[in-house]
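One structure below.
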Amino acid sequence: MADHFDLFLSYARDDDDPDYTDPAKSLLCRLYNDLTGDGFKVWWDRACMPSRGLTFSQEIRDAITVCDRLILVVGPGALESDYVKAEWEYALSICLPVIPILRHGDYPLVPPALQQHCLDFRSSRPYADALAELKRNLDEPAAPLGRLHAVPPLPQWYIRRGDDLDALARTVCEGAQQLVAITSKKQTVALQGMGGIGKTVLATALCRECDIRRGFPDGVFWVEIGQEPQIATRLGDIGHAFGDDRGEYPDELRGRSRLTALLEDKAVLLLLDDVWDHRHAEAFRVVGPRGRLVITTRSGRLVTQVGALSQPIDTLTDDEGCALIAGRLGVAPAELPPECTAIVRRLGGHPLAISIAASIPTSCAGRISRRACWNGCTAAPTARTPSTTWT
């Protein structure tokens, strides 16, 4: 779907009047008419997709993707609707602002992540007042999102490690929105840990967090380092994203000087993945006061050499480990046998070891069963010696 829309109306038909063509009866019809009359281009299934089913289709996903905001009409029907839930969750996943409006019931019906900004559109409140408040919200420009540059996709079986990710995001964002003096240690954050602990996945998730993208509106840049990086080329890649000529980056010294001047007033996040040599990290100390540098590395010594603020990464909790197993097996966590908690503990919560263990019944049996999970995982080695040749 190529057309652009200002607003997407997400709702359950059970929460609206069956006579959806009558604005005196149907809130959605009245809202659609008033918003379009005020100049907004609104996606409403009754007008844009009259024959839609009650599923979250690719066409619905495409429609949400090309909208600036999603308005969620909350009522008992929306609470019970899987497709409504899929709509607003998808909107949040792509950092699309969601404005919930309460049509029926009380505020506990509103998803917890959205309760803080819910507008009262219940019949007990004059509709004109509610509409005026909604329009005031819509008049406020949405915070710009930093474009993602070369950031890899999250793994198919990604499990959000909330505590680690939230702590990392707070550390990275501290002071980034103000032109304030900040030490180089606080400006550079390091994720350090053994291989397979989840540094790269956590860094990928960080780059895709909506608060991070809003905090660094000039861009989020992923730079793969490794043991033999092409420093000047990577510096030139970043400069080119701002319209600079790659020819201005012939070598590391001149490229670093050029990029430092270019990024002085920019709110950018540079993510260096898999750093082995502290000199490679030093080459990317090019951000200004509003910028941040995040590195992932196995070396604790390198963190000290760079003078970075170390952000610890914990192993998976029992619940996170079981969620990873469930994701790999394609089942709900509640369907796992209790032995899977023991598996997570035996593997020390090590993400890579758990992921490998969980893949065995999937690849060998070709189908999922509770017994397969147990048979495949109990043969797993310890987290210190992961292997793919267990018998």
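Just a few scattered comments:
- A single member of PHE284, PHE242 is crowded, with 18+ Cβ neighbours inside 10 Å and of a type in the set (Phe, Trp, Tyr), and it is PHE284.
- Where VAL201 falls short, out of the listed (1) at pLDDT 95 or above; (2) outside the structural domain of ASN33 (by TED's automatic domain parsing): (1)
- Qualifying residue in segment 284-294 (condition: at pLDDT 95 or above, aromatic (Phe, Trp, Tyr), farther than 22 Å from LEU148 by Cβ and in a loop (DSSP other than H, G, I, E, B)): no
- Residue among LEU134, LEU79, LEU154 that is at pLDDT 90 or above and in a loop (DSSP other than H, G, I, E, B): LEU154
- Residue that is closer than 28 Å to SER355 by Cβ and either buried (at least 23 other Cβ atoms within 10 Å of the Cβ) or more than 27 Å from the chain's Cα centre (by Cα) (or both), where the choices are VAL306, VAL294, VAL268: VAL294
- Residue-level analysis places CYS207 outside the set of residues that are at pLDDT 90 or above, in contact with a strand residue (DSSP E or B) (Cβ under 8 Å, 6 or more places away or on another chain), farther than 22 Å from ILE295 by Cβ and not charged (D, E, K, R).
- Among residues of segment 253-273 that are in the same structural domain as LYS199 (by TED's automatic domain parsing) and more than 20 Å from LYS199 (Cα to Cα), those with a beta-carbon under 9 Å from a residue that is among the basic types (Lys, Arg) and in a helix (DSSP H, G or I) at least six positions away or on a different chain give the pairs GLY255/ARG234.
- Those residues of segment 309-342 which are surrounded by fewer than 14 Cβ atoms within 10 Å (Cβ to Cβ) and assigned to a loop (DSSP other than H, G, I, E, B), in sequence order: PRO312, GLY330, ALA332, PRO338
- One residue stands out among those in segment 116-131 that are assigned to a helix (DSSP H, G or I) and touching a residue at least 12 places away in the same chain (Cβ under 8 Å): the one that is surrounded by the fewest Cβ atoms within 10 Å (Cβ to Cβ), which is HIS117.
- Considering segment 157-176, and only residues there that are farther than 13 Å from PRO312 by Cβ and of a type in the set (Gly, Ala, Ser), the residue that is modelled with the highest pLDDT turns out to be ALA169.
- Between LEU28, LEU72, LEU96, LEU35, the distinction of being outside the structural domain of PRO153 (by TED's automatic domain parsing), touching a Pro at 6+ places or on another chain (Cβ under 6 Å) and either loosely packed, with under 14 Cβ neighbours inside 10 Å or within 12 Å of PHE8 (Cα to Cα) (or both) belongs to LEU72 only.
- Candidate set: segment 48-60, residues that are exposed (fewer than 15 other Cβ atoms within 10 Å of the Cβ) and assigned to a helix (DSSP H, G or I); chosen: the one modelled with the highest pLDDT: GLU59
- ARG279 vs. criteria part of a loop (DSSP other than H, G, I, E, B) and among the basic types (Lys, Arg): no
- Residue within segment 84-106 that is more than 28 Å from LEU145 (Cβ to Cβ), in contact with a helix residue (DSSP H, G or I) (Cβ under 9 Å, 6 or more places away or on another chain) and free of Cβ contacts under 8 Å to residues at least 40 places away in the same chain present: yes
- Number of positions in segment 22-34 that are touching a residue at least 12 places away in the same chain (Cβ under 8 Å) and under 22 Å from PRO76 (Cα atoms): 6
- Subset of segment 6-25 that is of a type in the set (A, V, I, L, M) and part of a loop (DSSP other than H, G, I, E, B) - its residue that is farthest from the chain's Cα centre (by Cα): ALA24
- Of ALA308, ALA323, ALA332, all but one fail to be at pLDDT below 90 and not acidic (Asp, Glu); the exception is ALA332.
The values are calculated or read from the model by the stated rules, or taken from the named source; none is laboratory data. Note that the coordinates shown come from a computational prediction; the quantities given were computed from them, not determined experimentally. Note: ideal-geometry Cβ built from the backbone for every residue, glycine included; neighbour counts use all protein chains shown.
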